[in-house]
Amino acid sequence: MLPTIISRARKALLGLILAVATVALTACGGPSESDAKDTAVKVMTAMYQQDVKTVMSYIPDQETMGSDELKMAESKLGSILALQAKRAEKKGGLDKIEAFKYTSTEQGDHIVTVRIYFKDGSYDAEDVKLRWDEQAERFYLQNQNK
């Protein structure tokens, strides 16, 4: 009887260890495809809504910029987003944005192709290149020069 109780206790302990290990591995598994797609849609939506602050929040290494450099970057981004919004208005305005393709590379890039649908029935496709930041546990826009 005692060996049976010990055997059951060992099995229960082993099951508990496996359950904890499974949860731990799932919790720190890194970025998912759906996270990348959600981020790409959020960034592109912010761009078409001319939300400079939100778009800037996805640009990495801002802490290395001086305040003048940061203001200039925000100003240039605002100008670019205004032009993009004007092009969208010529197509009747923005209807919706959907992520439809995801690719990850060995170099750590996550590329999400989004379709930007306009109210006139047309759409554009654009690649959004993202990079996962392990420390911040979030995606940032990938520097196009890398």
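Summary of values
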| quantity | calculated |
| --- | --- |
| Some residue of the stretch 55-66 being touching a helix residue (DSSP H, G or I) at 6+ places or on another chain (Cβ under 9 Å), at pLDDT 85 or above, under 24 Å from Glu137 (Cβ atoms) and open to solvent by 70 Å² or more (accessible area, probe 1.4 Å) | no |
| The stretch 29-52 residues that are of a type in the set (Ser, Thr, Tyr), paired with ones that are open to solvent by 30 Å² or more (accessible area, probe 1.4 Å) (beta carbon under 7 Å, 6 or more apart) | Tyr48/Leu94 |
| Tally, over the stretch 102-146, of residues that are open to solvent by less than 70 Å² (accessible area, probe 1.4 Å), free of Cβ contacts under 8 Å to residues at least 60 places away in the same chain and acidic (Asp, Glu) | 2 |
| Failed criterion for Arg87 (all others in (1) open to solvent by 80 Å² or more (accessible area, probe 1.4 Å); (2) not in a helix (DSSP H, G or I) hold) | (2) |
| Single residue of the stretch 41-52 satisfying the filter (on the phi < 0 side of the Ramachandran plot and more than 16 Å from the chain's Cα centre (by Cα)) that is surrounded by the fewest Cβ atoms within 10 Å (Cβ to Cβ) | Gln49 |
| Test: residue in the stretch 128-138 that is hydrophobic (A, V, I, L, M, F, W, C), in contact with a Phe, Trp or Tyr (Cβ under 6 Å, 6 or more places away or on another chain) and within 15 Å of Lys42 (Cα to Cα) | yes |
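The values are calculated or read from the model by the stated rules, or taken from the named source; none is laboratory data. What you are looking at is a predicted structure, and each value in this text was computed from that prediction instead of being measured. Backbone-built Cβ (ideal geometry, glycine too); neighbour counts: all protein chains shown. The accessibility values were calculated without ligands, DNA or RNA, using every heavy atom of the protein model including side chains. Shrake-Rupley method; radii C 1.70, N 1.55, O 1.52, S 1.80 Å.
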